[in-house]
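The values are calculated or read from the model by the stated rules, or taken from the named source; none is laboratory data. None of the values given here were measured: they were computed from a predicted structure. Here Cβ is always computed from backbone atoms with ideal geometry, including for glycine, and neighbour counts include all displayed protein chains.
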Amino acid sequence: MKAWRFDGKGGSLALEDVPKPQPRPGGVVVKMEAAPVLSYMRQVLDGTLGYALPSGPFIPGTNGIGVLDAVGEGVYHLEPGERVALNPHHLANERVRDPAQILIGLTAIGSARFAGLDAATKVLQADWRDGVFAEYAHLPAAAVTPLDGLGDLPAERLAALAKFIVPYGGFLRGGLAAGETVIVNGATGGVGSIAIASLARLGYHVVALTGKPSESEWLLKLGAREVKLRSELDLTKIKPLDRAMWSGAIDNLGGEVLAWMASMALPCFCCQTVCSLPGLRYGRKVWQRMEC
Ligand SMILES: NC(=O)c1ccc[n+]([C@@H]2O[C@H](COP(=O)([O-])OP(=O)(O)OC[C@H]3O[C@@H](n4cnc5c(N)ncnc54)[C@H](OP(=O)(O)O)[C@@H]3O)[C@@H](O)[C@H]2O)c1
């Protein structure tokens, strides 16, 4: 089969002929239909963003849509022929405090990414090193979700489901209740716009913060109740414990704007900062719910 292989940090990405994978116990092989490319994939692969890539050559690519081609032993609910969505988040299913976690085809995550990869994370990443930029992808069974009832939609549209995972998963973890106010910075981007659309439908009061005045109407149509422009913020006057405005924030940019959002937080504020855009100051994801 054909696959895009990256030959290690600082190396190159090339379309190569590689053996079609066979599913191992607990694994599935998916015939790929569509896979989104992250806007910052180049900076992931050239090392600018400091992601914890698998060591040695691997097939990059995180999410996508495809049809199950084969399932390995120990897979109980999935069958060849089913159309599925792929999600790269995989963690060791063991009852320990900080199980190893990876985003398949991208990076190791969790505390191991920042403290240096521990042995368990390295082994997990070596076991599931290849992502989805291939004709056939081999993933753990838990990484695929059957697309019941969505069979007619084109794969390239369904591939956008990938963007819902970050804000939705984050807000589940943060424990905010519908009706609370949430501010989204970087509102017009992939993560920001999906966060607005999904949080608005879940009943949150969403404030969109953007650098693009021309997109205000679109952001309101997505479900934002208010649109704020970053150019109108006075970032020279950030005061700790300023007027309490929001219970939660999704932040794609970091820097002073993150400090401004945090200064206007209600008690029990939770903030998902997901920024790793090239050239921006913050490079890690933090989910923090402050204690009341
Ligand atoms: N942790 C995770 O699991 C995860 C998953 C996906 C993405 N992410 C991270 O989330 C961030 C956003 O990803 P995305 O896919 O939404 O990116 P994107 O589509 O490129 O959008 C980024 C948005 O940020 C704003 N922005 C302001 N200054 C910018 C600058 N200098 N460069 C680029 N954008 C700028 C713009 O929106 P406005 O003008 O409306 O403010 C832009 O639309 C990235 O840092 C990415 O690494 C994290």
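Which one of the conditions (1) surrounded by 13 or more Cβ atoms within 10 Å (Cβ to Cβ); (2) away from the ligand (no atom under 16 Å from the Cβ); (3) modelled with pLDDT under 95; (4) closer than 19 Å to LYS122 by Cα does GLY27 fail to meet, given that it meets all the rest?
In the conditions (1) surrounded by 13 or more Cβ atoms within 10 Å (Cβ to Cβ); (2) away from the ligand (no atom under 16 Å from the Cβ); (3) modelled with pLDDT under 95; (4) closer than 19 Å to LYS122 by Cα, GLY27 misses (3) alone.
Scan the stretch 168-194 for residues that are part of a helix (DSSP H, G or I) and either near the ligand (Cβ under 9 Å from one of its atoms) or in contact with a Leu (Cβ under 6 Å, 6 or more places away or on another chain) (or both) and jot them down. Reasoning before the result, please.
Going through the stretch 168-194, the residues part of a helix (DSSP H, G or I) turn out to be 168-174, 190-194.
Selection gives GLY169, GLY170, GLY190, VAL191, GLY192, SER193, ILE194.
Residue by residue, here is whether (1) in a strand (DSSP E or B); (2) farther than 30 Å from LEU45 by Cβ; (3) in the same structural domain as PRO36 (by TED's automatic domain parsing) holds:
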| site | (1), (2), (3) |
| --- | --- |
| ILE196 | no, no, no |
| GLY203 | no, yes, no |
| LYS228 | yes, yes, no |
| PRO240 | no, yes, no |
| LEU253 | no, no, no |
| GLU256 | no, no, no |
| ALA259 | no, yes, no |
| ALA262 | no, yes, no |
| CYS270 | yes, yes, no |
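Just for helices (runs of 4 or more DSSP H) wholly inside the stretch 88-165: which have at least 2 residues that are under 21 Å from GLY56 (Cβ atoms), free of Cβ contacts under 8 Å to residues at least 12 places away in the same chain and over 19 Å from the mean Cα position of the chain (by Cα)?
Numbers: elements: 111-115, 119-127, 155-158.
Because the criterion is at least 2 residues that are under 21 Å from GLY56 (Cβ atoms), free of Cβ contacts under 8 Å to residues at least 12 places away in the same chain and over 19 Å from the mean Cα position of the chain (by Cα), the helices (runs of 4 or more DSSP H) in the stretch 88-165 that meet it are 119-127.
Go through the residues of the stretch 38-52 one by one and say whether even a single one is buried (at least 19 other Cβ atoms within 10 Å of the Cβ), in a loop (DSSP other than H, G, I, E, B), away from the ligand (no atom under 14 Å from the Cβ) and aliphatic (A, V, I, L, M).
no
Okay, residues lined up against (1) closer than 19 Å to LEU258 by Cβ; (2) crowded, with 22+ Cβ neighbours inside 10 Å; (3) of a type in the set (Gly, Ala, Ser):
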position: ILE196; (1), (2), (3): yes, yes, no
position: LEU202; (1), (2), (3): no, no, no
position: THR210; (1), (2), (3): yes, yes, no
position: GLU217; (1), (2), (3): no, no, no
position: GLY223; (1), (2), (3): no, no, yes
position: LEU229; (1), (2), (3): yes, no, no
position: ARG243; (1), (2), (3): yes, no, no
